[in-house]
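See below for the structure under consideration.
The values are calculated or read from the model by the stated rules, or taken from the named source; none is laboratory data. This is a predicted model, so every value here is computed, not measured. As a convention, Cβ positions derive from the backbone with ideal geometry for all residues, glycine included, and neighbour counts pool all protein chains shown.
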Amino acid sequence: MLYKDNKRHKFSNINVFGSGELYNQIKPLLIQQHICIQNVFDDTIKDKKYDININRHLNNKEILYCVGYKNMINRYKRYKEIKNMGFSPISFISNKSIFSSESYVKNGSIINQGVIIDNFVSIGECVFVNIGSIISHHSVIQDNVFIAPGANIAGYVTVDEGSFIGINATIIDHINIGKYSLIAGGAVVIDDVPPYTMVAGNPAKVIKMLI
Ligand SMILES: CC(C)(COP(=O)(O)OP(=O)(O)OC[C@H]1O[C@@H](n2cnc3c(N)ncnc32)[C@H](O)[C@@H]1OP(=O)(O)O)[C@@H](O)C(=O)NCCC(=O)NCCS
């Protein structure tokens with residue numbers, strides 16, 4: 001299901017930005033839901049067809065952002081540039097996920113299969129929530145957060161802009177994850193994480209500062 005401003009929309013054609021692993025993961029879901037992919041753009045492919053700058057004057061401006069987590073700062077920078085070109089990011093919520101009607105998703109985000117979003121959760125722009133993750137009540141996921149498969153986020157957690165939550169990580173309730181932090185796979189986070197910090201282990205400890 002495609003969403004714009006937290007409301008379901010039936011766009012007949014959409015564009016996609018990013019043709020890598022993430023797109024290959026999401027493409028079958030779009031096809032199953034009869035969503036027609038008009039163009040795929042990708043900075044890493046040197047071909048006019050894939051160049052978003054050349055194709056910026058298209059009539060169809062709806063775009064799904066499928067960029068991975070390798071560089072979270074550039075991920076958000078490119079997202080904002082594409083918006084400034086006049087493209088209009090939309091969100092995709094898999095029909096095999098549970099998304100509470102009491103929760104909210106901004107534009108440009110993707111909620112993959114098997115995800116559970118509990119009541120009163122707020123999901124920002126340009127967020128990716130991968131297979132089987134759970135986000136519990138009253139949690140706030142800020143813009144440009146990437147959540148890997150099977151992460152468990154308890155109630156009243158705040159994940160600040162640009163953070164990455166690794167596979168199978170657990171974050172207990174009322175925790176704040178500072179911006180552009182890295183939570184390693186399998187970490188159990190029981191204390192607030194400062195910005196630009198990598199933590200790992202159970203209980204999670206600071207491994208390194210990222211700036
Ligand atoms: C968080 C992460 C991205 C950081 O990677 P990185 O910056 O390359 O970190 P490094 O590999 O340099 O590791 C630094 C230290 O942390 C340790 N460490 C890394 N990941 C760890 C983990 N998940 N649990 C415990 N310790 C870990 C390393 O052993 C290393 O310790 P050392 O300095 O004693 O040798 C990576 O560790 C991780 O957990 N990735 C999860 C990937 C994932 O979720 N994939 C699915 C995406 S959809």
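Residue count for the range 183-205 under the criterion of being farther than 21 Å from Asn144 by Cβ and either away from the ligand (no atom under 12 Å from the Cβ) or in contact (Cβ under 8 Å) with a residue 40 or more places away in the chain (or both): the result is 2. Scanning the range 159-170 for residues that are within 12 Å of the ligand (Cβ to nearest atom) and not polar (S, T, N, Q) yields Phe164, Ile165, Gly166, Ile167, Ala169. Among the candidates Ser133, Ser122, the residue that is at pLDDT 95 or above, more than 22 Å from Asn74 (Cα to Cα) and crowded, with 24+ Cβ neighbours inside 10 Å is uniquely Ser133.
Of the residues Lys70, Lys80, Lys49, which is among the basic types (Lys, Arg) and in a loop (DSSP other than H, G, I, E, B)?
On the way: Lys80 fails: in a loop (DSSP other than H, G, I, E, B); Lys49 fails: in a loop (DSSP other than H, G, I, E, B).
Answer to the check: Lys70.
Could you say which residue among Tyr180, Tyr156 is under 14 Å from Met72 (Cα atoms), of a type in the set (Phe, Trp, Tyr) and more than 10 Å from the ligand (Cβ to nearest atom)? Before you say what the answer is, go through the steps one by one.
Details: Tyr156 fails: under 14 Å from Met72 (Cα atoms).
From the options Tyr180, Tyr156, the qualifying one is Tyr180.
Do the conditions hold for Ser139, that is, is it in contact with a Phe, Trp or Tyr (Cβ under 7 Å, 6 or more places away or on another chain) and closer than 19 Å to Ile165 by Cβ? Yes.
Taking the conditions exactly as written (within 16 Å of the ligand (Cβ to nearest atom) and on the phi > 0 side of the Ramachandran plot), does Gly114 satisfy them or not?
Values: within 16 Å of the ligand (Cβ to nearest atom): yes; on the phi > 0 side of the Ramachandran plot: yes.
Spelling it out, Gly114 is indeed within 16 Å of the ligand (Cβ to nearest atom) and on the phi > 0 side of the Ramachandran plot.
Under the condition of being among the hydroxyl-bearing types (Ser, Thr, Tyr) and not in a loop (DSSP other than H, G, I, E, B), the residues counted in the range 165-181 number 1. Condition first: among the β-branched types (Val, Ile, Thr) and touching a Phe, Trp or Tyr at 6+ places or on another chain (Cβ under 7 Å). Can you find one or more residues in the range 197-211 that meet it? Yes, the range 197-211 contains at least one residue that is among the β-branched types (Val, Ile, Thr) and touching a Phe, Trp or Tyr at 6+ places or on another chain (Cβ under 7 Å).
Look through the range 126-146, keep the residues that are assigned to a strand (DSSP E or B) and within 16 Å of the ligand (Cβ to nearest atom), and return whichever of them is nearest to Tyr65 (Cα to Cα). Give the derivation first.
Of the residues in the range 126-146, the ones assigned to a strand (DSSP E or B) are 128-129, 134-135, 140-141, 146.
If we keep only those that are within 16 Å of the ligand (Cβ to nearest atom) too, we end up with 128-129, 134-135, 141, 146.
Working: Phe128: 9, Val129: 13, Ile134: 22, Ile135: 21, Ile141: 17, Phe146: 12 Å.
The selected residue is Phe128.
Restricting Tyr65, Tyr50, Tyr69 to residues that are over 24 Å from Ile93 (Cβ atoms), in contact with a Phe, Trp or Tyr (Cβ under 6 Å, 6 or more places away or on another chain) and either basic (Lys, Arg) or surrounded by 16 or more Cβ atoms within 10 Å (Cβ to Cβ) (or both) narrows the list to Tyr50.
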